[in-house]
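Trainee: Before anything else, here's the structure in question.
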Amino acid sequence: MKLTQGCFSFLPDLTDEQITKQVQYCLTNGWAVNIEFTDDPHPRNTYWEMWGLPMFDLQDAAGVMMELAECRRVYGDRYIRISGFDSSHGWESVRISFLVNRPPQEAEFELVRQEVGGRAIRYTTIRKPAAHASS
Amino acid sequence: MLDVPHATTAESSETNFDLRKEAEAAGITDTLQQLEQELIGLRPVKNRVRQIASLLLIERIRQRAGLASSPPTLHMSFTGNPGTGKTTVALRMAKILHGLGFVRRGQVISVTRDDLVGQYIGHTAPKTKEILKKAMGGVLFIDEAYYLHRPDNERDYGQEAIEILLQVMENQREDLVVVLAGYGERMTSFFASNPGFRSRIAHHIEFPDYAEAELLVIAELMLRERGYRLSAAAREAFEKYIALRRTQPFFSNARSIRNAVDRIRLRQADRLVSDLNRLLDVADLETIDPADVLASRVFSGGADAQRSAKP
Ligand SMILES: Nc1ncnc2c1ncn2[C@@H]1O[C@H](COP(=O)(O)OP(=O)(O)OP(=O)(O)O)[C@@H](O)[C@H]1O
Ligand SMILES: [Mg+2]
């Protein structure tokens, strides 16, 4: 199952050329660009690990693409995303975030319902074990 | 992107080019003219810059005409004595390359060994990469590049920086232009022990020392920029100053002139303030008198020379 998180995730995966353009858009806007990776892409897991420091003083996307290439080389078997953080007053938050790498074997999730008092329902997203996912 | 076979057939419709318009659109006519006016002398350097600009312009037109074109290698080395204008020209070069679209952003990141080389194992690569990332899309100017290489210490971390640089200079030629600068002989021995650099650099540009007449014009230009002018007698005094200063130690071409100009301003101000009972007019404020020049210690054996050792 194709994981859909962040911008563009219902589109076909972005090519490197398209990623470069998005990154350049972030840099031109003065946003800090971050590369993050994880092997736990649960939708509630907001804390991915950072690849290096936020890149806030670059002029050109080629610098970010250099880091991305390095990150893919080391963590090519994980999810990698790029985000753009806008530090300007009033925003101070992530303005864009999109996936730039998927593991060969995607993570799979399952929605579990639990009926509780008064016929209310609780939902839980649980990750299917890897062996199960591969079938 | 140039080697897509059908791109040629699709775009070969353009067959005529108005060269003047093309040059103006790229902004090189202006930049070259500015280079001509603001930098005195440096004939060989200006010629070379013009050649490079022409090549880039023609290359760009050829590309549109659908002719075979390969992105030229633009890495350069600037060699010459202190104060001959290497840093100044590097900044201009970035503008030209940017105008012609051969670098995407046109910033210049100016670094020396300390910005690239770390203090302990594992420190150098991230430092060098950090600088490279900032320089992407522009020009990386490495001043006194020979300090990267310490022949007496084969474990020196400089070697690691050199290897990263060589790799990026080769593989990311469209992403950045590297300019190495330094004094002539030391650069020659640096290239001799790092042939990788030599072969990756397409343009070796030598900056000649300035002639006395050129130094005088530079002085006048600097004074004009700061709103001063030399009186006729002061001009003569300054000619003598240049002739003497050139023979003294630590002479560093245009930079020595800049320092001299700064000290002349001090002496002029001192002279004016020494007589509080007079009324000044604008001419007094602008004019440099011979006394302001002649008071220099260059005329009495050159204690000034010691002071200008540090720019
Ligand atoms: N041809 C010139 N015309 C006018 N000013 C010049 C010229 N060349 C150099 N200068 C001035 O001289 C000063 C020193 O020049 P610059 O810093 O470019 O020298 P450099 O070759 O980089 O010296 P170093 O090797 O010591 O770093 C600057 O203030 C610059 O503006
Ligand atoms: Mg310099």
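Read-outs throughout are calculated quantities, based only on the coordinates presented, and are distinct from any laboratory measurement. This one's a predicted model, so the numbers in the text were calculated from it and none came from an experiment. Every residue, glycine among them, receives a Cβ derived from its backbone with ideal geometry; neighbour counts consider all protein chains shown.
Trainee: For chain A, set up a Gaussian network in which alpha carbons nearer than 10 Å are linked by springs, and say which option among A:A107, A:A32, A:A69 fluctuates the most.
Mentor: A:A69
Trainee: Suppose we keep just the DSSP beta bridges with both residues in the protein assembly as shown; what percent of those would be antiparallel, to 5?
Mentor: On the way: 26 of 46 bridges.
Looking only at bridges with both residues in the protein assembly as shown, the antiparallel portion is about 55 percent.
Trainee: Beyond 22 Å, what share of the Cα-Cα pairs of the range B:18-177 is found? Please give it as a whole percent.
Mentor: Roughly 48 percent, rounded to a whole number.
Trainee: What FRET efficiency do you get for A:S87 and B:R235 if R0 is 51 Å and r is their Cβ-Cβ distance, rounded to the nearest 0.05? Don't jump to the answer; show the numbers that get you there.
Mentor: Numbers: r = 55 Å, r/R0 = 1.07.
So, using R0 = 51 Å, E works out to roughly 0.40.
Trainee: Say each of B:T247 and B:T29 gets a label point 7 Å from the Cα, pointing the same way as Cα to Cβ; how far apart are those two points in nm?
Mentor: Simple spin-label model gives 4.8 nm for this pair.
Trainee: Another question about this same structure. All other residues with a Cβ under 14 Å from the Cβ of A:S9 taken together, and with Lys, Arg as +1 and Asp, Glu as -1, what is their net charge?
Mentor: Values: positive: A:K2, A:R81, A:R102; negative: A:D13, A:E106.
Local charge sum for A:S9: +1.
Trainee: When N counts the residues of the protein assembly as shown, how does its alpha-carbon radius of gyration compare numerically with 2.2 N^0.38 Å, as a ratio? Intermediate results must be reported in sequence, preceding the final value.
Mentor: Details: Rg = 29.6 Å, N = 446, 2.2 N^0.38 = 22.3 Å.
Scaled against compact globular proteins, the figure is 1.33.
Trainee: Another question, if that's okay. Hey, with R₀ at 56 Å, roughly what FRET efficiency would A:F56 and B:R278 work out to, going by the Cβ-Cβ distance, to 0.05?
Mentor: 0.50
Trainee: B:N81 to B:S54: extension gain in nm, 0.36 nm per residue of separation minus the Cα-Cα distance?
Mentor: Here the answer is 7.0 nm.
Trainee: Quote the FRET efficiency, to the nearest 0.05, computed for B:E154 versus B:E174 with a Förster distance R0 of 45 Å and r equal to the Cβ-Cβ distance.
Mentor: 0.85
Trainee: What full-extension length gain, to one decimal in nm, is calculated for B:D115 and B:S189 as 0.36 nm per residue of separation minus the Cα-Cα distance?
Mentor: 24.4 nm
Trainee: Fully extended, how many nm does the chain gain between A:T4 and A:T28 (0.36 nm per residue separation, minus their Cα-Cα distance)?
Mentor: Working it through step by step, the gained length comes to 6.0 nm.
Trainee: Can you tally the lysine pairs in the protein assembly as shown where the Cα-Cα distance is under 22 Å and the two residues are eight or more apart, or on different chains?
Mentor: Pairs that pass both the separation and distance tests number 13.
Trainee: Now for a different question. Would you calculate the separation in nanometres between label points at A:Q105 and A:R119, each defined as 7 Å from the Cα along the Cα-to-beta-carbon direction?
Mentor: 4.2
Trainee: In a Debye calculation with equal point scatterers on the alpha-carbon sites of the range B:97-240 and no solvent, what is log10 I(q)/I(0) at q = 0.16 Å⁻¹?
Mentor: -0.88
Trainee: If one computes P(r) from the Cα atoms of the range B:208-311, what percent of pairs lie at distances over 18 Å? Spell out each step's value before the answer.
Mentor: Details: 2382 of 5356 pairs.
The calculated P(r) of the range B:208-311 puts 44 percent of pairs beyond 18 Å.
Trainee: As an exercise, find the ratio Rg/Rh for chain B from alpha-carbon atoms, using the Kirkwood inverse-distance average for Rh.
Mentor: Here the Rg-to-Rh quotient is 1.06.
Trainee: While we're looking at this one, here's another question. For the range A:35-128, compute Rh as the Kirkwood radius over C-alpha pairs and then the Stokes-Einstein diffusion coefficient at 4 °C and 1.567 mPa s; write the answer in µm²/s, rounded to an integer.
Mentor: 83
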